[in-house]
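Engineer: Before we start, here is the structure in question, set down as C-alpha cells.
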Amino acid sequence: MAYSELPRLCRGDNKVENERILVTGAAGFIGSHLVDKLLIDGYEVTGIDNLSTGSIDNINHHFGKRSFRFIKGDVRDSRTVRNAVKGASVVISAAALVSGPRSIHRPLETHENNVTATLKLLEACHEVGVSKFLYISSAAVYGRARELPTSEECCPHPASPYGASKLAAENYVSVFNEVYGLDTVSLRLFNVYGPRQTSGPYGGVVSVFLDSVLKGRSPIIFGDGEQTRDFIHIKDVVEACLLAMKTDGVSGEVFNIASGQPTKISDLAKMIL
C-alpha cells in the first residue's frame, strides 16, 4: 500500500460517474495498468500514446470495447492534444521519457517530452474545462536525498535532466492550479515494479535483475550493494492514482507514493536469486 499522505486520500470514496478519463502514455508500463483498472471499474477511457517506448501489446486486449478508445499520437503536438482532451473530465498524465541515465544523453528530448508536452496538455485542459488533472511525477525530483525517509517537505534537488524535467513539469502543474484554478494533484512515484516493466538498459532494477536470472546470469550490482531503494508494486501505484482522482479537498497537493520500506540492492538480488 502506498504511504505518506495516503490516509488523507482514503477518506475520499467518490466515484467519478459517467465521465471519460484520458490517460496519456496509455501503452506504457504505468499507463496501461491505469487503463486496465479504470475499465474494470466501469469508466470510459481514452488512451493516447505515440508507441515510442510503450507497447501496443499492453493494451490491445481492450480493442473492440465500446468503453475504450485509443489514439496513436504524440502529446508534444498541440492539435493532437486538444483533440484527445475533448470530452474528458479527468486527465491522467503518465506520458514521459523516463530514466535518469537516458536523460543525461538526451536532455533536450527529455525536456520536450516531459515539460513542453505537459504544458501543452495543461493548456488544453484549461481551454476545455477539464475537471481534474493528475500528474504522474517521480521521486527523481529529490535527487540524492539528503534525509531518509524522504517526505514531501524535503527540498527537491534533481541529480539528472530527468529529475529536473519532472520538477519543472510539477511547477507548471502547480501554476495552473494557482493561477487558472485547475484542480490538480501530483504524485511522486518511487521505484515502481511489476508486470510489463521493461528490462532494457533503462529498465527498472527489479525487471533488469529478473531478466538476468531468467537468462541464467547473476544480477550485476554496482558498488557494494548497500544502497537502498523504496520499491512499490504497480497495483499499489494504480490504487493511489485512483484515490487521488476521486478524493476531494486535495487540489494542488503533491504526494509521495511509496512503500515506506528501504530495501538494499544486495538484498533485492538475494530475493530474486
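The values are calculated or read from the model by the stated rules, or taken from the named source; none is laboratory data. Just so you know, these numbers come straight off a predicted model, no measurement behind them. In this analysis, Cβ positions are derived from the backbone assuming ideal geometry, glycine residues included, and neighbour counts consider all displayed protein chains.
Engineer: Could you check the range 224-248 and list, in sequence order, the residues that are under 18 Å from Met271 (Cα atoms) and out of contact with any helix residue (DSSP H, G or I) (no Cβ under 8 Å at 6 or more places or on another chain)?
Structural biologist: Listed by number, the residues that qualify are Ile232, His233.
Engineer: Could you name every one of the helices (runs of 4 or more DSSP H) located completely within the range 103-182 that has at least 2 residues being charged (D, E, K, R), out of contact with any strand residue (DSSP E or B) (no Cβ under 9 Å at 6 or more places or on another chain) and surrounded by fewer than 22 Cβ atoms within 10 Å (Cβ to Cβ)?
Structural biologist: Answer list for the range 103-182: 117-128.
Engineer: Show me the strands (runs of 3 or more DSSP E) entirely contained within the range 39-100 in which 3 or more residues are closer than 12 Å to Leu121 by Cα.
Structural biologist: 88-93
Residue-by-condition table, conditions (1) out of contact with any Asp or Glu (no Cβ under 6 Å at 6 or more places or on another chain); (2) crowded, with 23+ Cβ neighbours inside 10 Å; (3) at pLDDT below 95; (4) within 21 Å of Glu112 (Cβ to Cβ):
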| residue | (1), (2), (3), (4) |
| --- | --- |
| Leu34 | yes, yes, no, no |
| Ile40 | yes, no, no, no |
| Asp49 | yes, yes, no, yes |
| Arg66 | yes, no, no, no |
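Engineer: Sort out which residues of the range 27-82 are among the hydroxyl-bearing types (Ser, Thr, Tyr), closer than 17 Å to Cys241 by Cβ and in contact with a Leu (Cβ under 8 Å, 6 or more places away or on another chain), and write them in order of number.
Structural biologist: Result: Thr46, single match.
Engineer: Still on this model: Would you call Gly252 closer than 20 Å to Tyr142 by Cβ and without any contact (Cβ under 8 Å) to a residue 24 or more places away in the chain?
Structural biologist: No: the conditions fail for Gly252.
Matching residues to (1) under 22 Å from the mean Cα position of the chain (by Cα); (2) surrounded by 15 or more Cβ atoms within 10 Å (Cβ to Cβ); (3) among the hydrophobic types (A, V, I, L, M, F, W, C); (4) outside any helix (DSSP H, G or I):
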site: Val237; (1), (2), (3), (4): yes, yes, yes, no
site: Ala240; (1), (2), (3), (4): yes, yes, yes, no
site: Ser251; (1), (2), (3), (4): yes, no, no, yes
site: Val254; (1), (2), (3), (4): yes, yes, yes, yes
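Engineer: With Ile136, Ile104 as the choices, which residue is among the hydrophobic types (A, V, I, L, M, F, W, C) and either touching a Lys or Arg at 6+ places or on another chain (Cβ under 8 Å) or over 24 Å from Leu34 (Cα atoms) (or both)?
Structural biologist: Selected residue: Ile104, the only one of Ile136, Ile104 that is among the hydrophobic types (A, V, I, L, M, F, W, C) and either touching a Lys or Arg at 6+ places or on another chain (Cβ under 8 Å) or over 24 Å from Leu34 (Cα atoms) (or both).
Engineer: Here's something else I'd like to know. In this structure, is Thr53 under 24 Å from Pro195 (Cβ atoms) and either more than 20 Å from the chain's Cα centre (by Cα) or modelled with pLDDT of 95 or more (or both)?
Structural biologist: Here the answer is no, as Thr53 does not meet what is asked.
Engineer: Could you list, in sequence order, all residues of the range 201-235 that are assigned to a helix (DSSP H, G or I) and either surrounded by fewer than 18 Cβ atoms within 10 Å (Cβ to Cβ) or not hydroxyl-bearing (Ser, Thr, Tyr) (or both)?
Structural biologist: Val205, Val206, Val208, Phe209, Leu210, Asp211, Ser212, Val213, Leu214, Ile234, Lys235, listed by residue number.
Residues checked against (1) over 22 Å from Ser259 (Cβ atoms); (2) touching a residue at least 40 places away in the same chain (Cβ under 8 Å); (3) out of contact with any Asp or Glu (no Cβ under 7 Å at 6 or more places or on another chain):
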position	(1), (2), (3)
Pro156	no, no, yes
Ala168	yes, yes, yes
Tyr172	yes, yes, yes
Ser186	no, yes, no
Ser199	no, no, no
Val205	no, yes, yes
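Engineer: Right, another one. Under the condition of being at pLDDT 95 or above, out of contact with any Asp or Glu (no Cβ under 9 Å at 6 or more places or on another chain) and of a type in the set (D, E, K, R), which residue from the range 220-247 is farthest from Val208 (Cα to Cα)?
Structural biologist: It comes out as Glu239.
Engineer: I need every pair where a residue in the range 73-86 that is closer than 12 Å to Asn113 by Cβ has its Cβ under 6 Å from the Cβ of a residue that is modelled with pLDDT of 95 or more and not in a helix (DSSP H, G or I), sequence separation at least 6 or different chains.
Structural biologist: Asp74/Asn50; Val75/Thr24; Val75/Ala95
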